[in-house]
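Here the structure is laid out as structure tokens; the discussion comes afterwards.
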Amino acid sequence: MSEQPLGENTRAVHLPPAPVPRQEPLGTPVWRSATYAFATSQEYADVLGERMPGYTYSRIDNPTSDGFAAAVAALEGARVGGVTGEAFASGMAAITGVLLAYTHAGAHVVAPAAAYGGTYGLMSELLSRFGVTTDFVDMTDPARVRAAIRPETRLVWAETLANPTMAVADLPALAEAAHEAGALLVVDSTFATPVVCRPLEHGADLVVHSATKYIGGHSDATGGVVVGRPGVLAPVRAVRLHTGGALAPDEAFLLRRGLETLPLRVRRQCDTAALLAAAAARHPAVARVDYPGLPDHPGRETAVRLFDAGPEGTRFGAIVTITPHGGPEAGMALADGLRLAKVATSLGGTHTLAGHIASTTHRQLDEQALAAAGIGPAAVRFSVGLEDADDLIHDVNNALTALGRIGERDGAFNS
Ligand SMILES: Cc1ncc(COP(=O)(O)O)c(C=O)c1O
């Protein structure tokens, strides 16, 4: 049978593949292929059946996304070893993955009263429809957590540093309480990053991150990741495959690149945050500053005990909540008076971001609930970026001083 010359379209589709270099690329290659061709049907069946390593389809596994998850696992598990990761399309997809993996109708979860709003909503509005109940308790008090645990409790959910009060979770005490009851301790460590604290070293079974924040670090990519030992992570992987919340390779590229500068960025952001917190605490227009690096913060001792001490001492995170005197309008005026810091949602990027808490991230909470969560009506959360500390402090001081002047003029903020 004579060979028929291939037509133009066929030749265009069946182009020679791009070379795969033998040398290690230092920039992360982006594997955009959604599907992979096999030499034989047997190989296809074996890879899909997980009898042979390989890639079949990007919703299942993607080399760029897997590389990102493995890199986070290497940082979180640096001292405990044997840790792997699963990458998700967002922090919320990662949180959903863990919750669906470890709960079922009739199961119970103990979670922070001050949990991130998305997590709170997922647990209270969505999971509750499937018969999973959640008790939201003060996580800084292990006795209350212990009291909330029931025989059906499958998960104790904690946040290393809570939003926006920067309450510090006593992870070993929470791990002990969870494990005694046969439950897992899951820690959302988005605010801490593995630079500040590595919860697996303190008894956590799984660590979750919104990689959109510090890990990516430049406010240009959305992603999430869960890390833990392979046996604990396997059910989370199964949910990821079922629900399809896989991380896209382009995002994985950006997030993995962010990891290379994570320690440099986060240390610098923490140092600037400490200076800003101290400066704000001295300003007469300020009623309160929440930052665990300050001597009067209730979580300081726990942070010193659990957080990475490093050669330059403990870092306490880079979120500072500044509460001026007055009501909600004082908080909004403070945020609006800033020139360098941007009024925006999210955190962990190179730009300093500020937001009035009661009218934005915690708008669902009434005055009483805000007070119970330790949030003043005028509180403004700052995610400290990479600007020079002096410039940022100058910006915040100016906005606070202007606020003081307005308050003196019309008494508006003295409520
Ligand atoms: C502590 C925390 N966890 C999870 C998330 C959700 O992450 P994402 O926005 O990537 O879904 C956020 C987002 O703000 C967060 O602050």
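The values are calculated or read from the model by the stated rules, or taken from the named source; none is laboratory data. As the structure is a computational prediction, the values presented were derived from the model and not from experiment. Glycine also receives a Cβ, built like all others from the backbone with ideal geometry; neighbour counts cover every protein chain displayed. The area values use the complete protein model at the heavy-atom level, side chains included, leaving out ligands, DNA and RNA. Shrake-Rupley method; radii C 1.70, N 1.55, O 1.52, S 1.80 Å.
For the structure I just gave you, tell me whether ALA113 is of a type in the set (A, V, I, L, M, F, W, C), over 30 Å from THR35 (Cβ atoms) and touching a Lys or Arg at 6+ places or on another chain (Cβ under 8 Å). So that I can check it myself, show each step before the final result.
Values: of a type in the set (A, V, I, L, M, F, W, C): yes; over 30 Å from THR35 (Cβ atoms): yes; touching a Lys or Arg at 6+ places or on another chain (Cβ under 8 Å): no.
Against the criterion (of a type in the set (A, V, I, L, M, F, W, C), over 30 Å from THR35 (Cβ atoms) and touching a Lys or Arg at 6+ places or on another chain (Cβ under 8 Å)), ALA113 does not qualify.
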- Note on the structure: Counted residues in the stretch 121-143 being within 20 Å of LEU161 (Cβ to Cβ) and surrounded by 15 or more Cβ atoms within 10 Å (Cβ to Cβ) come to 8
- Message: Can you tell me how many residues within the stretch 30-57 are touching a helix residue (DSSP H, G or I) at 6+ places or on another chain (Cβ under 7 Å) and open to solvent by less than 70 Å² (accessible area, probe 1.4 Å)?
- Response: 4
- Inside the stretch 184-196, the number of residues satisfying the requirement of being in contact (Cβ under 8 Å) with a residue 40 or more places away in the chain, in contact with a Leu (Cβ under 6 Å, 6 or more places away or on another chain) and buried (at least 24 other Cβ atoms within 10 Å of the Cβ) is 4
- Given (1) more than 16 Å from the ligand (Cβ to nearest atom); (2) farther than 17 Å from ILE95 by Cα; (3) surrounded by fewer than 23 Cβ atoms within 10 Å (Cβ to Cβ); (4) not small (Gly, Ala, Ser), LEU254 misses just (1)
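Every residue in the stretch 182-218 that is near the ligand (Cβ under 8 Å from one of its atoms), among the hydrophobic types (A, V, I, L, M, F, W, C), under 30 Å from GLU152 (Cβ atoms) and outside any strand (DSSP E or B), please.
From the stretch 182-218, those near the ligand (Cβ under 8 Å from one of its atoms) are 188, 190-191, 208-213; that's our starting set.
Pick out the ones that are also among the hydrophobic types (A, V, I, L, M, F, W, C) and you get 191, 208, 211.
Retained after the next criterion (residues that are under 30 Å from GLU152 (Cβ atoms)): 191, 208.
Of everything in the stretch 182-218, just one residue is near the ligand (Cβ under 8 Å from one of its atoms), among the hydrophobic types (A, V, I, L, M, F, W, C), under 30 Å from GLU152 (Cβ atoms) and outside any strand (DSSP E or B), namely PHE191.
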- Task: Could you check, for the stretch 32-42, whether at least one of its residues is free of Cβ contacts under 8 Å to residues at least 24 places away in the same chain, of a type outside the set (D, E, K, R) and assigned by TED's automatic domain parsing to the domain that holds VAL208?
- Result: no
- Task: Scan (1) closer than 27 Å to GLY217 by Cβ; (2) of a type outside the set (Asp, Glu); (3) surrounded by fewer than 19 Cβ atoms within 10 Å (Cβ to Cβ) for the single condition ALA287 breaks and write down its number.
- Result: (1)
- Message: THR84 - would you say it is under 25 Å from GLY49 (Cα atoms) and either touching an Asp or Glu at 6+ places or on another chain (Cβ under 7 Å) or away from the ligand (no atom under 16 Å from the Cβ) (or both)?
- Response: yes
- Query: On the given criteria, is ASP366 out of contact with any Cys (no Cβ under 6 Å at 6 or more places or on another chain) and exposed (fewer than 15 other Cβ atoms within 10 Å of the Cβ)?
  - Reply: yes
- Task: May I ask you to list the residues in the stretch 219-248 that are open to solvent by less than 50 Å² (accessible area, probe 1.4 Å), over 14 Å from ALA70 (Cα atoms) and outside any loop (DSSP other than H, G, I, E, B)?
- Result: VAL232, PRO235, VAL236, ALA238, VAL239, ARG240, LEU241, ALA246
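How about the stretch 56-74: which of its residues are part of a loop (DSSP other than H, G, I, E, B) and touching a Ser or Thr at 6+ places or on another chain (Cβ under 8 Å)? Steps first, please.
Here is the first cut: in the stretch 56-74, the residues part of a loop (DSSP other than H, G, I, E, B) are 56, 58-62.
Passing the criteria: THR56, SER58.
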- Task: Give the residues of the stretch 150-178 that are aliphatic (A, V, I, L, M) and more than 25 Å from LEU365 (Cα to Cα), sorted by residue number.
- Result: LEU171, ALA173, LEU174, ALA175, ALA177, ALA178
- Message: Just the residues that are under 19 Å from GLY117 (Cα atoms) and open to solvent by 20 Å² or more (accessible area, probe 1.4 Å), please, taken from the stretch 78-96.
- Response: ALA89, SER90, MET92, ALA93, THR96
- Task: Kindly provide the set of residues from the stretch 103-114 that are open to solvent by 30 Å² or more (accessible area, probe 1.4 Å) and either assigned to a helix (DSSP H, G or I) or at pLDDT 95 or above (or both), ordered by number.
- Result: HIS104, ALA105, GLY106
